[in-house]
Amino acid sequence: MNVGTLYRLGRRLTEISRIAAVDPGDPQMAAGELGVLADVLTHPGSSVKEITERTGFTQSHVSASVARLRGRGHVETVTDPSDRRRTLVRLTERASTAITRRALRPIDDAVGRAVENSDPRSADRVLAMLEELADRLVADGRGERGEDTVPDGVGRTAIGVARVRAEESRRPDRLFDDPYAEAFVAAAPGAFSEAEERGDLGSLGAAFGFHAVIRTRFFDDYLLAACAGGAGGAGVRQVVLLAAGLDTRAFRLAWPDGVRLFELDLPEVLTFKERVLAERGAVPGCARMVVPADLREDWATGLVEAGFQPAAPTAWLAEGLLIYLSADEAARLLTAVGELSAPDSQLAFERGDVAGSLLSRARATPAMERYASLWKGGLGEEAPDWLVRNGWQVRTHELAALAAPYGRPIRGESRSGFLTAVHRRLDQTEHDSVRWADER
């Protein structure tokens, strides 16, 4: 192939991407603009230079595309609070879900139309070649064969939770319905060991699955109650899911008007998640912002850049997260949460002793070794006292007490449960007057 042929190929592929992007709802959207929009979708709060480096477009093209997208209300530009010389680009709240779905839309139909006069199998061959070309030349988080891959470590545990939620959703007496959980599992073939596939984890696997089901329903209820308010108080309209993983609450819960939900997790986890949701045509029931972040580092800056308002009360959820952090890491994370929390903000996560009740059994089970090796314990049983010292009013909730009203009574003793808290911004001298209560 010579340079001239390569140039013509590039022009042809651009034309195919334009065909794939056509939408009667926004005929002005060009393929290059969609490329910029897709990058902003997965990397909110980026500068024009950063978008240029990731997409390979010229800086003049990115600047012009940002200007046009801003003019049509799809993105907005803000000054970087840490460097006022920099301008950052992020999606606007009014950017439609249809636009973001288009940015991640599969190209199968467009390729099929481009080769429609050839052998019917030609489209499949062309798609396979394009997948391989993208694997070799484009860093987009896809695997060696162009298939969606799941990040190692914590990302794979998210697939395990999705599997539990998919199984629960098939039950006639289900406690929740997650219509996308099965799709995540299907998009990650080989995510589980042979023992996991056969269901050889016995009582230990059942215990983890049971806990995940009750946890999901309890946190569903917690978030909806926080948004509903009560006793004459207005509900919160800002929700943050820390380490959101493959959580689909933005899509499956009935949110009140005006709720803005932020999902934070590792970029590779969110890339996998966004692609699966886009393929299923998922539409959120609230304003949803995706924020790639490592929660062991500075994640608060990215959250604020994505539109989070520290002055507004917030419902925070750290589901299945703290166990993967050391005590120091968990304390730093929760300190940042406190600093970003207006009075009457709320927080929920698993009670600290859940790990202690199952950890030794999990480490003794070969099929669970790769998961148990990631657990660091978080704040452990000291979490309630730590929160009280830092201005939170705490309540603990026993798993057994929650499970029975859900129609899933526990036989025998249960040491696990959950914790909810309300931020009061108390002075240090007031801390001793704050107490935390058990609900048994």
Completion exercise
Taking R0 as 51 Å and r as the Cβ-Cβ distance between Asp328 and Glu132, the FRET efficiency 1/(1 + (r/R0)^6), rounded to the nearest 0.05, comes to 0.70
Exercise for the section: Order by neighbour count: His211, His43, fewest other Cβ atoms within 10 Å first, most last. Expected result: His43, His211
Exercise for the section: Determine how many Å³ per residue the convex hull of the Cα atoms of the stretch 229-274 encloses. Expected result: 80
Exercise for the section: Estimate the FRET efficiency between Ser122 and Ala30 by the formula 1/(1 + (r/R0)^6), using the beta-carbon distance for r and 22 Å for R0, to the nearest 0.05. Expected result: 0.25
Practice task
Using R₀ = 35 Å, calculate the FRET efficiency as 1/(1 + (r/R₀)^6) where r is the Cβ-Cβ separation of Ile19 and Lys49; round to 0.05.
Solution key: 0.70
Completion exercise
Amide H contacts under 5 Å for Arg288, restricted to residues at least 5 apart in sequence or on another chain and with H modeled in the peptide plane, are Leu261
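FYI, it's all coordinate maths here, none of it is from the lab. Bear in mind the structure is a predicted one, so any value in this text is a computation, not a measurement. Ideal geometry is used to build each Cβ from the backbone, glycine not excepted, and the neighbour counts take in all protein chains shown.
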